[in-house]
Amino acid sequence: MPMIDMERDALPVGSKLDIGAFGCCGEDILLLPPFALLLSLALGGAVHGALLGAGVASGWLPSPADLLLFRGPTFAGLFLVVCALEASAFTLLMKKKTNPGFAPVNGLATDGIYHVTRNPMYVGMVTLSLAVAVLANSFPLLCTSFALFMYLHLGVIRVEERMLVRMFGEEYVAFQRRTPRWLVPHVC
């Protein structure tokens, strides 16, 4: 975690930041996360389709018969987890009068699913991308899922965290100390 200079990075507590449509605090986010998810699925699907069209197998699971035994139930389970994560995160943000899109931030959500991860919506996006890769038995989709994770981690979350430190100061720094960025503490 980068060193935080509270005098440099903090705004007066209670300040509202309008992070605009495509960036926050003057720092651009290249592609909004929902569009990054769609792009990763489209690219992975296109490569998977091109490989299949060329007669190249691009899967990693043993056989098509595993669809009923493994891939279908796995996809369904992961999809339900994603729906629950997204709904829980959305509800908590709305209670704080904070739009989950890139809009003015009015409050810090730290309870519910935000007690388990600071980024439940991004965990949901990566999980959905992985679920699609499993359902399609597609190595290219697995690769674009990893690319999505890296983009969200480096290109979105770190930018948002700098903004949240400036906005909420020590309250957000304490939240960072006690809650993992993803689901596993001390990873990334």
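Please state which of the following conditions Ala133 fails to meet, knowing it meets all the rest: (1) under 27 Å from Gly45 (Cα atoms); (2) of a type in the set (Gly, Ala, Ser); (3) modelled with pLDDT under 85.
(3)
Of the residues Thr74, Thr127, Thr110, which is at pLDDT 80 or above and in a helix (DSSP H, G or I)? Walk me through it before giving the result.
On the way: Thr74 fails: at pLDDT 80 or above; Thr110 fails: in a helix (DSSP H, G or I).
Every option except Thr127 fails the conditions.
In the stretch 154-170, is there at least one residue being under 30 Å from Leu51 (Cα atoms) and either of a type in the set (A, V, I, L, M) or modelled with pLDDT of 90 or more (or both)?
yes
The values are calculated or read from the model by the stated rules, or taken from the named source; none is laboratory data. Note that the structure is predicted; figures quoted are calculated from it, not measured.
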